[in-house]
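Report on the structure given below.
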Amino acid sequence: MRARARVEGTVQGVGFRPYVFKLAGELGLTGWVLNDERGVLLEVEGAEQAVATFLDRLPAEAPPLAAVDSVTTERCPALGETGFEIRASPTGGPPDALVAPDSATCEDCLRELFDPADRRHRYPFINCTNCGPRFTIVRGVPYDRPLTTMAGFEMCARCRAEYEDPADRRFHAQPNACADCGPSVRLIGMDGEADGDANPIAAAAGALVAGAIVAIKGLGGYHLACSAADERAVATLRERKRREDRPLALMAADLDAARSLVELGAGEEELLVGRRCPIVIARRRPGARVAESVAPRTADLGVMLPYTPLHHLLLEVCGAPLVMTSGNLSDEPIAHDDEDAQKRLGAIADLFLVHDRPIHIRTDDSVIRATAGGPLVIRRARGYVPGAIKLPLESARPLLAVGAELKNTFCVAKGRRAWVSHHIGDLENWETLESFRSGIEHFERVFDVRPEVVVHDLHPEYLSTTHALELEGVETLGVQHHHAHFAACLAEHGEQGPAIGVVFDGTGYGEDGTVWGGELLVGGLAHVERVGMLAPVRMPGGERAIREPWRMACVWLEAALGEPVSPLPGIEADRWEQVAALGRSGVASPITTSAGRLFDAAAAILGLRTEVSYEGQAAAELEGAADLGERSSYELEFVGDDPLVLDPRSLLRELVADRDSGTDLALTAARFHNGLAAGIASACARLAEAGGLDTVALSGGVFQNRLLLERTSEQLVGAGLRVLRPVRLPPNDGGISYGQAAIAAASLSTP
Ligand code: ZN
Ligand code: ZN
Ligand code: FE
């Protein structure tokens with residue numbers, strides 16, 4: 001029997017052909033395999049049972065970096081060949097094969113790295129078909145050495161022999177290299193001169209241990225590193241980087257070292273040791289040896305493990321965890337170009353540990369939390385991108401979705417496939433906007449998408465919207481922000497609705513021009529109705545209310561207690577009165593239904609903080625303060641049917657009463673979360689009954705809050721409802737572009 005199989009998905013540059021070669025050999029089959037513009041094509045011939053086994057095992061045992069989307073097979077006439085061969089790729093045809101994400105160093109490479117007998121002993125760029133750089137070094141497709149940033153390195157005879165041997169782990173490993181032929185590391189001092197030439201990594205480690213700040217060129221960009229336990233070094237780094245309170249990520253040498261910093265459950269450990277190697281946010285261990293300035297006043301720490309050979313070597317020599325934060329100045333994008341890095345990081349770092357393998361596309365570290373219902377992605381970037389995410393229906397036309405403004409990602413799509421970009425950042429400065437524009441060009445080229453339709457947020461002032469509306473020769477489609485959040489969650493689960501959507505968010509432009517963010521939706525991808533919302537209040541002073549949560553406390557307290565209230569500690573009486581007056585008059589104070597602002601108010605009322613240096617800070621601290629074992633709750637009422645209004649006034653009155661009676665913060669914070677979860681669930685139960693629905697999709701930036709997400713999910717399941725929640729994409733605005741793409745696909749495919 002002879003069969004032909006076409007394999008689609010991320011199957012090139014991941015060792016798929018040698019895998020097929022070995023599998024066929026093992027089963028005694030003849031035939032061939034090749035890469036073409038659509039993926040992998042193969043034919044196998046042999047005994048009927050052996051061919052059937054081959055086809056069963058083909059997707060099931062695929063190499064670790066492969067992501068098989070589909071295998072289609074057909075029978076063909078037997079040819080009576082005598083062997084199995086890996087054939088050369090035919091040329092021509094549009095590129096449609098997928099680029100793999102970057103992958104952390106594999107076990108085999110690690111063993112070689114630390115083996116004195118291996119020819120790559122302590123070589124900081126060791127990699128193989130199962131690991132190493134991919135997305136960040138790809139300039140174009142097909143994925144082949146000349147189209148990567150390895151083009152400038154000519155393989156030595158030994159590396160080439162591995163590269164050409166189908167039985168070798170480095171067969172067609174495009175970044176394959178060794179100390180004789182590949183990239184090398186240098187340490188550069190403040191004077192721009194090479195420093196510690198004999199062993200740059202050991203010299204850098206020595207400087208780190210002694211308290212220096214070192215800029216380190218990594219996989220997707222530069223990090224700024226210093227010793228995690230050294231308060232003076234960390235405080236200096238913060239000051240030079242102009243970063244106020246946002247926690248800094250840590251890198252620990254191994255799982256044991258990570259355990260000394262944070263409490264790790266099975267979910268966290270799985271994420272930490274996986275080949276994607278994200279920053280995992282977990283509960284800080286009491287007494288963890290970490291400088292106060294690493295993450296001031298937070299219950300959690302963000303920790304990752306080494307993911308390049310250079311990191312492994314560095315951490316081994318340092319012997320203690322390092323701060324490893326993005327190499328940038330406050331909100332700018334991470335530096336990835338050498339010259340630019342020298343310029344931008346020169347005033348922050350004491351030393352530069354660099355190498356000569358160019359980074360083609362900047363990619364931040366991904367950030368993730370483990371939750372009861374699976375991983376919760378906070379930032380999707382290195383290790384995950386550019387993995388394709390399917391659309392639940394065929395998009396009739398190739399499209400580009402430009403996403404939102406903060407935590408921007410964009411998305412290109414054609415057919416059923418969507419590629420969501422890496423985290424671009426907040427589109428608030430020229431550098432980030434430039435990164436957005438060049439990223440779009442890169443994705444359109446690499447995935448061969450020539451958009452006919454461009455999808456954007458309704459917010460007229462988002463720079464992403466402006467960009468979309470300036471494009472020529474394309475159709476444009478505006479999508480409401482929270483509809484996009486809802487759609488993103490439905491679509492990643494392969495669903496189109498109808499369902500109920502609970503979108504708890506910071507800020508989004510509403511169809512009525514007000515600021516939405518606590519929305520109950522009913523519908524699906526193609527159409528949605530806003531059937532309920534959090535009770536509207538004023539945001540006194542507009543955007544300032546985001547930076548100063550006490551302003552939201554002021555209006556919510558007055559609404560809840562029905563009378564003017566005395567100022568919160570630390571706020572002068574006349575400022576308080578001015579803000580209360582703004583709230584009453586509505587001058588310069590837009591109406592909002594934002595759940596994020598309600599969290600801000602609660603955090604301020606409970607004395608956690610009156611001002612924040614980044615959005616979501618107050619909410620994160622409120623979550624961090626909560627007793628996770630507490631089950632009692634305040635009551636979130638809802639009134640009306642059309643629309644259904646979630647009215648948190650009585651909940652806030654209970655909160656104030658608890659605060660005034662001196663109840664422990666851990667209890668009040670827990671009761672606040674539990675009350676919202678229960679209120680959301682009963683409102684959804686009402687909507688489900690009225691509309692004959694059984695599914696609820698949770699999304700929006702507020703659901704980055706693990707406690708709220710877990711409690712709400714539990715309550716909904718308890719009410720007999722089915723819960724969908726973001727898993728592969730962030731619930732925050734990083735998921736908006738994919739939601740926009742899904743909505744466009746649905747709207748365009750409906751006649
Ligand atoms: Zn490897
Ligand atoms: Zn070599
Ligand atoms: Fe949002």
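Which translational diffusion coefficient, to the nearest whole µm²/s, is obtained for the stretch 185-355 from the Stokes-Einstein equation, given a Kirkwood hydrodynamic radius over C-alpha pairs, 25 °C and 0.890 mPa s?
Rounded to a whole number, D works out at 155 µm²/s.
In Å², and per residue, what accessible area does the chain have when probed at 1.4 Å with the other protein chains present?
Here the residues of the chain average 37 Å² of exposed surface.
Name the residues whose placed amide hydrogens come within less than 5 Å of the amide hydrogen of LEU477, ignoring near sequence neighbours (fewer than 5 apart) on the same chain.
VAL454, VAL455, HIS456
Given a Förster distance of 30 Å, report the FRET efficiency between ASP694 and GLU511 from their Cβ-Cβ distance, rounded to the nearest 0.05.
Step by step, r from the Cβ atoms, then E = 0.65.
What number, rounded to the nearest 500 deg cm²/dmol, is the helix-based mean residue ellipticity at 222 nm of the chain, given -39500 (n - 2.57) per DSSP H run of at least four residues and division by all its residues?
Taking each H run of at least 4 residues, the total per residue is -10000 deg cm²/dmol.
Roughly speaking, what is the centre-to-centre gap between the stretch 280-356 and the stretch 680-710 when only Cα atoms are used, to the nearest Å?
The two parts, judged by their Cα centres, are 37 Å apart.
Using modelled amide H (1.01 Å from N, peptide plane; none on Pro or chain starts), what sits under 5 Å from the amide H of THR663, excluding residues fewer than 5 places away?
Residues meeting the criterion, in which the H sits 1.01 Å from N, do not exist here.
Trypsin sites (Lys or Arg not before Pro), restricted to the stretch 111-165: which are DSSP loop and have at most 14 other Cβ atoms within 10 Å?
ARG119
Counting only protein heavy atoms and using a 1.4 Å probe, what share of the accessible area of the chain belongs to carbon plus sulfur, as a whole percent?
Taking all protein chains in place, the chain shows 49 percent carbon and sulfur surface.
Using the membrane-span-like helix rule (whole DSSP H runs, Cα extent along the own axis of at least 27 Å, mean Kyte-Doolittle hydropathy at least -1.0), which helices of the chain qualify?
The answer, listed by residue number, is 665-691.
Restricting to lysines 8 or more places apart or on different chains, can you count the pairs in the chain with Cα atoms under 19 Å from each other?
Taking the Cα cut-off of 19 Å, the pair count is 4.
Tell me the Kirkwood radius of the chain: reciprocal of the mean inverse pair distance over distinct alpha-carbon atoms, in Å.
The Cα-based Kirkwood calculation yields 27.3 Å.
If you average 1/r over all unlike Cα pairs in the stretch 503-726 and invert the result, what Kirkwood radius do you get in angstrom?
17.5 Å
Rounded, prolate or oblate for the stretch 551-644? Axes are the square roots of the Cα gyration tensor eigenvalues, ordered a ≥ b ≥ c, and the cut-off for rounded is a/c under 1.5.
Because a/c hits 1.5 or more and a/b fails to exceed b/c, the stretch 551-644 counts as oblate.
Treating only the Cα positions of the stretch 210-286 as identical point scatterers, give the base-10 log of I(q)/I(0) from the Debye formula at each q in 0.15, 0.16, 0.22 Å⁻¹.
-0.62, -0.70, -1.17
With a cap of 10 neighbouring Cβ atoms within 10 Å, and only residues DSSP puts in a loop, list the GluC sites (Glu not before Pro) found in the stretch 378-465.
Sparse-neighbourhood loop GluC sites (Glu not before Pro): GLU461.
What is the packing order of peptides 144-154, 297-307, taking the mean over residues of other C-beta atoms within 10 Å and listing the highest first?
297-307, 144-154
Calculate the spin-label point distance for ARG283 paired with GLU339, positioning each point 7 Å from the Cα along the beta-carbon direction, and give it in nanometres.
Simple spin-label model gives 5.1 nm for this pair.
How big is the Kirkwood radius of the stretch 2-86, worked out from every pair of different alpha carbons and given in Å to one decimal?
12.5 Å
For the chain, which cysteines have no disulfide-compatible partner, meaning no other cysteine Cβ under 4.7 Å?
Taking the Cβ cut-off of 4.7 Å, the unpaired cysteines of the chain are CYS76, CYS109, CYS128, CYS159, CYS178, CYS226, CYS277, CYS318, CYS411, CYS489, CYS554, CYS684.
Run the Debye formula on the Cα coordinates of the stretch 683-751, all scatterers equal and no solvent, and tell me log10 I(q)/I(0) at q = 0.17, 0.18, 0.28, 0.29 1/Å.
Scattering profile of the stretch 683-751, log10 relative to I(0): -0.74, -0.81, -1.12, -1.15.
Would you mind computing, in nm to one decimal, how far apart the modelled labels at PHE114 and GLU572 are, each placed 7 Å from Cα along Cα→Cβ?
Here the answer is 6.0 nm between the modelled labels.
Using a simple spin-label model with points 7 Å from Cα along the Cα→Cβ vector, what separation in nm is obtained for ALA266 and GLU239?
4.7 nm
As a test, work out the antiparallel percent of DSSP beta bridges whose residues both lie in the chain, rounded to the nearest 5.
Of those bridges, close to 75 percent are antiparallel.
Quick one: go through the stretch 712-733 and flag any residue whose amide nitrogen is under 19 Å from the point 7 Å out along the Cα-to-Cβ line of ARG631.
Residues 712-721 qualify, since their backbone N sits under 19 Å from the label point.
The values are calculated or read from the model by the stated rules, or taken from the named source; none is laboratory data. Worth saying up front: this structure is predicted, and the values here are computed from it rather than measured. Counting neighbours? That spans all protein chains shown, and the Cβs are built from the backbone with ideal geometry, glycine included. In case anyone asks, the SASA skips ligands and DNA or RNA and just uses the protein heavy atoms, side chains included. Shrake-Rupley method; radii C 1.70, N 1.55, O 1.52, S 1.80 Å.
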